[in-house]
Amino acid sequence: MTQTPQNTKKLFIKTYGCQMNVYDSDRMADALAPHGYQPVSDIATADLVLLNTCHIREKASEKVFSELGRLKELQAERRAGGQDLLIGVAGCVAQAEGEEIARRAPVVDMVFGPQAYHRLPDMVAKAAGSRHLHPALRTPVIDTDFPEEDKFDYLPAPQKEVVIKRGLTAFLTVQEGCDKFCSFCVVPYTRGAEVSRPVQQVLAEARGLVAGGVREITLLGQNVNAYHGLDEAGNPVGLGQLAYLLAEIEGLARLRYTTSHPRDMDDGLIAAHRDLDILMPYLHLPVQSGSDTILKAMNRRHTRDDYMRVIDKIRSARSDMALSGDFIVGFPGETDKDFEDTLRIIADVGYASAYSFKYSTRPGTPGANLDGQIEEAVKNERLYRLQALVDAQTTAFHTSCVGKTLPVLIEREGRMAGQVGGRSPYLQAVHFEGSTDLIGQILPLEIIGTSTNSLVGKLTQAGLNNSDISHDTTRKSVSVDESRVA
Ligand code: 5AD
Ligand code: SF4
């Protein structure tokens, strides 16, 4: 066993919210690694705890304040034992409520927004440097600026061993922020204006991930299909074109992206779905509501028919496309008829999965000032009915896969002994009886049944022969480091 160096410090990051926060947490860990911080999974042993927060709905930020209450006790215990604990709040709650956090929770040493992650090592040094001061004299380090510089130019790439440890699938943020200003949403305020990373920066990061054994990359952005990063000649490149470039990386077997806006689902991206096997046939395309009146009040800038036309185009390019969406019930002014329109669009589209939420008033957004706020009981009832419809569609979609053979990227041990599991092209979890030696491969599995939220598979003869059937048969299988098959 390797000895932990004396100067190693332990870092615990708790991540709330979306996949971009998961990605950001990894980048924060990467930024602190050269300064001796090693991630740990037990918060009680940490020298530095970072809460990477989410502000999208009300409950999300309340959770942060209750966690800070628990951390206060942990910090007191550590201090009583002659040790210390630094606490930082990152993410969108920090961005939106930096001063409020510092006031409500003096236990916090650092508060910083998503655009300041590259400055984290400096902030930690500054916070640690003021520990000798009496608590009454200490002020938290607050950094919620939207800096001029591009944080990605300063954030270090993860070490190869770290990529290997993180697994076969990885997130890669290509675009951040949003200029759409839907009237319910805090993202344009917390993440700022839409910014796309340059093409070469994205390709370099993707190559690094693949060199570390990653087989599937999910491109992330709050409005990912609005991506317009510049190439070396200074020309903007759309997400579709970026997908063609990523498809050339040898060893990369699967590509996904999330989250998209219907208005940005352009012909280039739809063509990429037609042409590229690497691009998985699963699309998260939120519509939020099926009522044109509500879509207008939400400032979505598309109608129900616009959305349906986009869906038709996508399905003409890729007939097996599985669709997913987001829905909000109880937006101010939503009548029974508006809600019925939402149920109708769900029935018309036929979703493989969907996420649904009760409208939550977000201070500072235009929706917060609208008349006609909906009673909680009505929201509950609508959410219940909507989720019942979506659940039935998800079950029907899973059931329609039974009897088919699907290529599954085998990612991990299953929950039961002797099982391994992975994902279908449609992002369904699939588990089957098999050896952990198969982890890292894409194998054809016959789907023989369904269980709650997942599929049950069986290795086919081709799979038993242990052949890798990534869609591009010319692609070589990546050798997977033993350490990920722990
Ligand atoms: N209330 C409820 N749901 C919301 N979402 C965003 N803002 C709100 C809000 N104020 C949902 C939308 C979005 C998803 C990420 O969260 O459906 O697509
Ligand atoms: Fe929020 Fe998405 Fe609308 Fe942007 S497009 S404001 S991120 S819901």
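Lys/Arg Cβ at +1, Asp/Glu Cβ at -1, dipole of the chain taken about the Cα centre: which of Ala272, Gly234, Asn21 is farthest positive-ward?
Asn21
Pulled fully out, how much extra length does the chain show between His134 and Thr335, if you take 0.36 nm times their separation in residues and subtract their Cα-Cα distance?
Stretched fully, the His134-Thr335 segment lengthens by 66.7 nm.
Please figure out what share of the DSSP beta bridges in the chain is antiparallel and state it in percent, rounded to the nearest 5.
About 35 percent, rounded to the nearest 5.
Based solely on its DSSP helices, what 222 nm [θ] is calculated for the chain when runs of n ≥ 4 H residues each add -39,500 (n - 2.57) and the sum is averaged over all residues, nearest 500 deg cm²/dmol?
-10500 deg cm²/dmol
Using every alpha carbon pair in the range 90-184, what percent of pairs falls into each 5 Å bin from 0 up to the bin containing the largest distance?
All Cα pairs, binned at 5 Å, distribute as 2, 11, 17, 18, 17, 14, 12, 6, 3, 0 percent.
With a 1.4 Å probe and every protein chain left in place, work out the accessible area per residue of the chain in Å², rounded to a whole number.
45 Å²
Local charge sum around Phe146 (other residues, Cβ-Cβ under 11 Å, Lys/Arg +1, Asp/Glu -1)?
Once positives and negatives cancel, what remains is -3.
Taking Cα centroids, how far is the range 53-96 from the range 214-285 in Å?
One Cα centre to the other: 36 Å.
Given labels modelled 7 Å from the Cα in the Cβ direction, how far is it in nm from Gln201 to Ala377?
A separation of 5.2 nm, rounded to one decimal place.
Under a point spin-label approximation (7 Å from Cα along Cα-to-Cβ), what is the His35-Val402 distance to one decimal in nm?
In this crude label model, His35 to Val402 measures out at 5.4 nm.
Percent relative contact order of the range 172-242, based on C-alpha pairs within less than 8 angstrom and at least six residues apart?
37 percent
How large a share of the accessible area of the range 281-397, in percent, is made up of carbon and sulfur atoms when the probe is 1.4 Å and the other protein chains stay in place?
C and S fraction of accessible area: 53 percent.
Quick one: net charge of Asp84's neighbours, Cβ under 14 Å, K/R +1, D/E -1?
+4
Work through the residues other than Pro286 whose Cβ is under 14 Å from its Cβ and net out their charges, Lys, Arg +1 and Asp, Glu -1.
+2
Suppose every Lys and Arg Cβ carries +1 and every Asp and Glu Cβ carries -1, with no other charges. What dipole size does the range 281-397 come out with about its Cα centre, to the nearest 20 debye?
Its charge dipole is roughly 380 debye.
Using heavy-atom solvent-accessible surface (probe 1.4 Å) with all chains present, what is the largest-first order of Tyr282, Tyr154?
Descending order: Tyr154, Tyr282.
Along each of its three principal axes, how wide is the spread of alpha-carbon positions in the chain, in whole angstrom units, largest first?
66, 61, 51 Å, listed from the longest principal axis down.
Going 7 Å from the Cα of Ala271 toward and past its Cβ, which residues in the range 217-254 have a backbone nitrogen under 13 Å from where you end up?
Label zone hits: 238-245.
Beta carbons within 10 angstrom, averaged per residue: use that to sort the peptides 360-370, 34-44, highest first.
Top of the packing list down: 360-370, 34-44.
Could you pull out the pairs from Lys14/Lys160; Lys72/Lys126; Lys72/Lys151; Lys59/Lys160; Lys14/Lys72 whose alpha carbons sit more than 26 Å apart here?
Checking Cα-Cα distances, Lys72/Lys151; Lys59/Lys160 exceed 26 Å.
Note down the nm distance, to one decimal, between modelled labels 7 Å out along Cα→Cβ at Arg263 and at Thr8.
In this crude spin-label approximation the distance works out to 5.0 nm.
Per residue, how much space in cubic angstrom lies within the convex hull of the C-alpha atoms of the range 281-397?
For the range 281-397, the hull spanned by Cα atoms encloses 94 Å³ per residue.
With a Förster radius of 45 Å, plug the Cβ-Cβ distance of Glu100 and Gln461 into 1/(1 + (r/R0)^6) and report the FRET value to the nearest 0.05.
It comes to 0.15.
Round to a whole number: what % of the accessible area of the range 5-143 belongs to carbon and sulfur, probe 1.4 Å?
Carbon and sulfur: 52 percent of the exposed surface of the range 5-143.
Full extension from Asn235 to Glu73: what is 0.36 nm times the residue separation minus their Cα-Cα distance, to one decimal in nm?
53.0 nm
Would you mind working out the magnitude of the charge dipole of the chain relative to its Cα centre, with +1 at each Lys and Arg C-beta and -1 at each Asp and Glu C-beta, to the nearest 20 Debye?
800 debye
Can you give the FRET efficiency for Val162 and Lys313, using 1/(1 + (r/R0)^6), R0 = 41 Å, r = Cβ-Cβ distance, to the nearest 0.05?
The formula returns an efficiency of 0.55 here.
The values are calculated or read from the model by the stated rules, or taken from the named source; none is laboratory data. Computed from a prediction, not measured in an experiment: that's the story for all the values here. As a convention, Cβ positions derive from the backbone with ideal geometry for all residues, glycine included, and neighbour counts pool all protein chains shown. These area figures cover heavy atoms from the full protein model, side chains too; ligands, DNA and RNA do not enter into them. Shrake-Rupley method; radii C 1.70, N 1.55, O 1.52, S 1.80 Å.
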